[in-house]
Amino acid sequence: MAINKEWHRSHRMPQKATREQRVAWHAAHVAACCCREIPLSIRPDVLKLRESRRKP
């Protein structure tokens, strides 16, 4: 899996990120980079958010 260094530089995870911030960050991350797995603890929420963004 290749890392998108530019995306990572411009999209830092906030320190002490809330669950909502983590979900949003990982949803964007999987679309832009996908260099690692989505953590199991938030995976259902990330997948739900990604699905909701795809539907019109």
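Residue-wise test of (1) among the hydroxyl-bearing types (S, T, Y); (2) modelled with pLDDT of 95 or more.
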{"site": "S10", "(1), (2)": "yes, yes"}
{"site": "C33", "(1), (2)": "no, no"}
{"site": "S41", "(1), (2)": "yes, yes"}
{"site": "V46", "(1), (2)": "no, yes"}
{"site": "L49", "(1), (2)": "no, no"}
{"site": "K55", "(1), (2)": "no, no"}
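Which count do you get for residues in the range 1-35 that are charged (D, E, K, R) and under 14 Å from L47 (Cβ atoms)? Spell out how you get there, then give the answer.
From the range 1-35, those charged (D, E, K, R) are 5-6, 9, 12, 16, 19-20, 22; that's our starting set.
Next, only the ones that are under 14 Å from L47 (Cβ atoms) stay: 22.
Adding up the residues that qualify gives 1.
The values are calculated or read from the model by the stated rules, or taken from the named source; none is laboratory data. Nothing here was measured: the structure is a model prediction, and the numbers come from that model. We place every Cβ from the backbone using ideal geometry, glycine too, and count neighbours over all the protein chains shown.
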